[in-house]
2 protein chains.
Amino acid sequence: MKKLINAPATVLAESLDGFAAAHADIVTLGPERKFVRRAALTPGKVALVSGGGSGHEPLHAGFVGFGMLDAACPGQVFTSPTPDQMIAAAEAVDGGAGILFIVKNYEGDVMNFDMAAEMAGRDIVKIVTDDDVAVETSTYSTGRRGVAGTLIVEKIVGAAAEAGTGLADLAALGRRVNGQTRSMGVALTSCTVPAAGTPTFTLGEDEMEMGVGIHGEPGRRRVKLAPADAIADEMVAAIAGDIGGTGDAILLVNGFGGTPSMELYVMFNAARARLERRGIKVTRALVGNYVTSLEMAGCSLTVTLLDGEIARLWDAPVQTAALRWAM
Amino acid sequence: MKKLINAPATVLAESLDGFAAAHADIVTLGPERKFVRRAALTPGKVALVSGGGSGHEPLHAGFVGFGMLDAACPGQVFTSPTPDQMIAAAEAVDGGAGILFIVKNYEGDVMNFDMAAEMAGRDIVKIVTDDDVAVETSTYSTGRRGVAGTLIVEKIVGAAAEAGTGLADLAALGRRVNGQTRSMGVALTSCTVPAAGTPTFTLGEDEMEMGVGIHGEPGRRRVKLAPADAIADEMVAAIAGDIGGTGDAILLVNGFGGTPSMELYVMFNAARARLERRGIKVTRALVGNYVTSLEMAGCSLTVTLLDGEIARLWDAPVQTAALRWAM
């Protein structure tokens, strides 16, 4: 295992300390590193809390800040955070208007966020993202997995929360965005969890995992490495065939951590052309490492169908460590 | 070679097409893909033009936009762009106030930008970045190499150009920022140039290259893999021992393309503490993949000493594909 770390046992704590120090203008690290929260909270606003296993950075802590999340709970690598982390985060950011939990559809995450919502004694609503069309159920999920589409839900709901939307409407909006979002991924290599020390899975020199999950869990099938265009053919067909609509869309080409920017833009170029042939016009784009699997090579495509409201909320200002723009 | 590409011969063209389509609000691709320029130019402003071999993305095209570059010329992977690219870029962005070439210190780049400056028949001044303290001369450079500090020069000079500073003063400012900037890198793995198809160099399973260049060229020495703290010790000692000053500083922890975000923040945490013990206080931070070597695992540290003017210019708004913030 070749990693820039001191020890597997301390990597999460040290990276959180580094993250909080680097972005002290945006975030504050909670006691015992249970959560990352905004440095400046807005009373009277619905608070958005997410979280999940670490190793997917910048998801979720990189999306804490104005226009997006209020807090994120980092679990150990590829391990759900605990209910006490979520309860502490909810307590820290509760602005009196309720709390929305945004949860990727993995059994551990859903269970722990449910338990936290019940135990916290606060006004909490939970929404679950399940945008991955690759498989219907998987190693760690009943039903589809929640993957990179989660950041699109967080961005859009975050903008609405900033504008004063109430808890029930935010939950409905989040579910609507999730319903208009589809993703699929492909891996060319595995990743190595620091505490494990060896790759999560193995792929032959000429193989790829089509439909891979963000923990390296199996997808649809293991096949021979194919050109970018052929990969885009299959992924776009799966996404467009399932999304149930056409029109303007966001296209997110998300690197899993070990793929050069150049390749992500090759994939963007291929996917965009294929989507447009199917009547899905890419009017918003995001290309980069946003929902990673440590140093895995590969990428996912995510498409969200837009309407006027969703486009406006996507375009609204955001100021987080990993995503920032102004009108 | 496992890459998300169609063919080595088309990867650059397809990635540039994807880049231009994804960021059409910010950039326009020049004829024959000779350069990437701002979509909206500002007449009367000094134009900033940079460029270099591809494979270092987002450098340089990702830094084209308001507050930073006016154009960037992408060479083939790890290959200098040609003088005719630079001449075409200069012609496209010349706003009548002169042109500043910002060039990383590699022999091919320096030679071609010199030739272009001579042939273009325009008011052009060139500045050269050489921030890498690892080696005094190297495979492709006479004198120190220009590495990740280049983006800091581009950002600060870009902000001054936006504010109306003239050509001679911008060149002086750029040289001053370069003079207050030092970098050093470490590689844990090689990268593979698509046209070559095999790794540029090989490292044993327990080895790293200390002081590596951004093309995988040799650094100071090949040593056993060490903990993050020990790596930071050596890099910070080299940087702080050479920079010739203390006080407030920018710390850029730059991933080479294959290193997880988590590890970059571990390195930030380690480097920041060591700099502060030496009287260098990190008041500005940037952590991520900014000057890459395709999918190489490893990172570089860059420190720029600040003064009031440089800090103000660093903080000024910037809107590019890869770097964006507002006041």
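The values are calculated or read from the model by the stated rules, or taken from the named source; none is laboratory data. Please read these numbers as outputs of a predicted model, since none were measured by experiment. Every residue, glycine as well, gets a Cβ built from its backbone with ideal geometry; the counts of neighbours run over all protein chains shown. Side chains are part of the model used for accessible areas, which takes the heavy atoms of the whole protein and leaves out ligands, DNA and RNA. Shrake-Rupley method; radii C 1.70, N 1.55, O 1.52, S 1.80 Å.
Here is the figure for the range B:59-76: residues that are closer than 14 Å to residue B:33 by Cα and surrounded by fewer than 22 Cβ atoms within 10 Å (Cβ to Cβ) total 2.
Quick one: would you say residue B:37 is more than 14 Å from every other protein chain (Cβ to nearest Cβ) and modelled with pLDDT of 95 or more? So residue B:37 passes the test. The lone criterion from (1) within 13 Å of another protein chain (Cβ to nearest Cβ); (2) in contact with a Phe, Trp or Tyr (Cβ under 9 Å, 6 or more places away or on another chain); (3) buried (at least 22 other Cβ atoms within 10 Å of the Cβ) left unmet by residue B:317 is number (3). Taken over the range B:255-275, residues that are open to solvent by less than 10 Å² (accessible area, probe 1.4 Å), more than 7 Å from chain A (Cβ to nearest Cβ) and touching a helix residue (DSSP H, G or I) at 6+ places or on another chain (Cβ under 9 Å) amount to 5.
Considering only residues that are of a type outside the set (Val, Ile, Thr) and either over 20 Å from the mean Cα position of the chain (by Cα) or not assigned by TED's automatic domain parsing to the domain that holds residue B:282 (or both), which ones fall in the range B:189-208? Hits for the range B:189-208 are B:194, B:195, B:196, B:197, B:199, B:201, B:203, B:204, B:205, B:206, B:207, B:208.
Inside the range B:1-34, can you point out the residues that are assigned to a loop (DSSP other than H, G, I, E, B) and either touching a Leu at 6+ places or on another chain (Cβ under 8 Å) or within 11 Å of chain A (Cβ to nearest Cβ) (or both)? B:1, B:2, B:3, B:4, B:5, B:6, B:7, B:10, B:23, B:24, B:25, B:26 - these are the residues of the range B:1-34 that are assigned to a loop (DSSP other than H, G, I, E, B) and either touching a Leu at 6+ places or on another chain (Cβ under 8 Å) or within 11 Å of chain A (Cβ to nearest Cβ) (or both). Candidates B:284, B:278: the one that is at pLDDT 95 or above, surrounded by fewer than 24 Cβ atoms within 10 Å (Cβ to Cβ) and more than 12 Å from every other protein chain (Cβ to nearest Cβ) is B:278. Scanning the range A:219-234 for any residue that is at pLDDT below 95, in contact with a strand residue (DSSP E or B) (Cβ under 6 Å, 6 or more places away or on another chain) and crowded, with 17+ Cβ neighbours inside 10 Å turns up at least one such residue. I'm trying to understand the selection: among the residues of the range A:205-218, which are at pLDDT 95 or above and either open to solvent by 50 Å² or more (accessible area, probe 1.4 Å) or within 12 Å of another protein chain (Cβ to nearest Cβ) (or both)? Hits for the range A:205-218 are A:206, A:207, A:208, A:209.
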